[in-house]
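Take a look at the structure below.
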Amino acid sequence: MKKLKILIIFLFCSQAYGLEFNGKFTQGGLIIGKTNPSNKIFLDEKPLKISPSGNFVFGISRERSKDLKIEIKSKSSSKILKKKITKRKFRIQRIDGLPKRKVTPNEEDMKRIRKEGRLIVKAKNINSNFDFFSNGFIRPLKGITTGVYGSQRILNGKKRRPHYGIDIASPKGTSIKSPNDGKVVLAEKDLFFTGGTLMIDHGHGLISIYSHLENLKVESNQQIKKGQIIGTVGSTGRSTGPHLDFRLYWNNIAVDPDLVFKN
Ligand SMILES: [Zn+2]
């Protein structure tokens with residue numbers, strides 16, 4: 001009888017939370033979830049935004065090794081989940097033949113880099129109430145992957161930050177599609193490192209970035225649909241050939257796009 005009572009309570013609780021996670025609990029993973037909109041969720045003690053339809057999202061950093069603590073609270077109860085993070089081995093990638101100035105910029109360049117960096121940080125920090133992310137992501141471009149997420153970069157023999165994007169090589173002028181619905185939050189034709197650059201807000205702090213574009217086909221503040229052409233492949237900025245550098249950030253945490261695409 002006691003067992004039955006516990007079972008009933010358990011079923012009642014799961015139903016009350018209506019909790020669902022989609023994605024991999026691994027370094028660079030992105031979790032897209034759903035719960036009853038009246039619930040509250042805390043990730044490592046911090047509240048997560050939950051949309052009116054119960055959608056939420058969070059990212060796991062490349063460096064994360066300790067368990068995630070997820071607390072879920074309904075009106076009548078609460079539960080703590082500990083989620084193990086699977087560790088990954090990241091590659092080392094050497095790229096030579098980059099223009100010296102693009103690897104070790106001069107003083108004048110540094111001024112420009114700092115100014116442009118502030119624009120990017122501002123857009124990365126957007127945390128809107130859209131929940132476009134719940135529609136699932138498609139690949140923005142077909143082509144050969146020439147750079148993966150998380151690899152340690154050695155540029156012209158100098159150790160640099162890990163590469164947080166994926167590089168997809170494709171001929172110059174190839175159309176790039178938006179991987180999901182969103183709103184353009186940055187559209188710049190010529191940034192020092194990233195050249196023609198777009199940033200798209202998918203909601204709740206999830207922002208995608210497209211670099212080295214030849215042409216931009218959308219403007220800042222424009223609302224866009226999944227599959228819409230947003231620009232064309234180029235080799236602008238710090239680049240050795242036509243390709244798209246695609247990145248996905250959740251609240252400034254870079255996640256692995258290859259773990260997110262549905263195709
Ligand atoms: Zn790249």
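Numbers for the structure displayed
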item: Candidate aspartates and glutamates for bridging to K46, where Cα separation is under 12 Å - those fewer than 8 sequence places away on the same chain excluded; result: E71
item: Flagged links, alpha-carbon separation over 22 Å, of K124/K226; K49/K189; K40/K79; K102/K189; result: K49/K189
item: Distance-filtered residues of segment 173-189 - backbone nitrogen under 19 Å, label point 7 angstrom along L119 Cα→Cβ; result: 183-189
item: Part-to-part distance (alpha-carbon centres) for segment 59-109 and segment 223-258, which is given in Å; result: 18 Å
item: Dipole magnitude of the chain, debye to nearest 20 (Cβ charges: Lys/Arg +1, Asp/Glu -1, about Cα centre); result: 1020 debye
item: Per residue, in Å², the accessible surface of segment 61-184 once ligands and nucleic acids are set aside, probe 1.4 Å; result: 62 Å²
item: Protection-proxy order for peptides 139-147, 190-198, each taking the mean of Cβ atoms within 10 Å per residue, highest first; result: 190-198, 139-147
item: Rounded FRET efficiency, nearest 0.05, which uses the C-beta distance separating E71 from R161 and R0 of 22 Å; result: 0.10
item: Dipole-positive endmost among I95, P162, S220 within the chain (Cβ charges, Cα centre); result: P162
item: Gain on full stretching of the segment that runs from L98 to S235 - 0.36 nm per residue minus C-alpha separation; result: 48.1 nm
item: Sorted peptide list for 92-101, 65-74, 237-246, criterion being average Cβ within 10 angstrom, highest first; result: 237-246, 65-74, 92-101
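The values are calculated or read from the model by the stated rules, or taken from the named source; none is laboratory data. These numbers were taken from a predicted model, which means no experiment stands behind them. All Cβ positions, even for glycine, are placed from backbone atoms using ideal geometry, and neighbour counts span all protein chains on display. The area values use the complete protein model at the heavy-atom level, side chains included, leaving out ligands, DNA and RNA. Shrake-Rupley method; radii C 1.70, N 1.55, O 1.52, S 1.80 Å.
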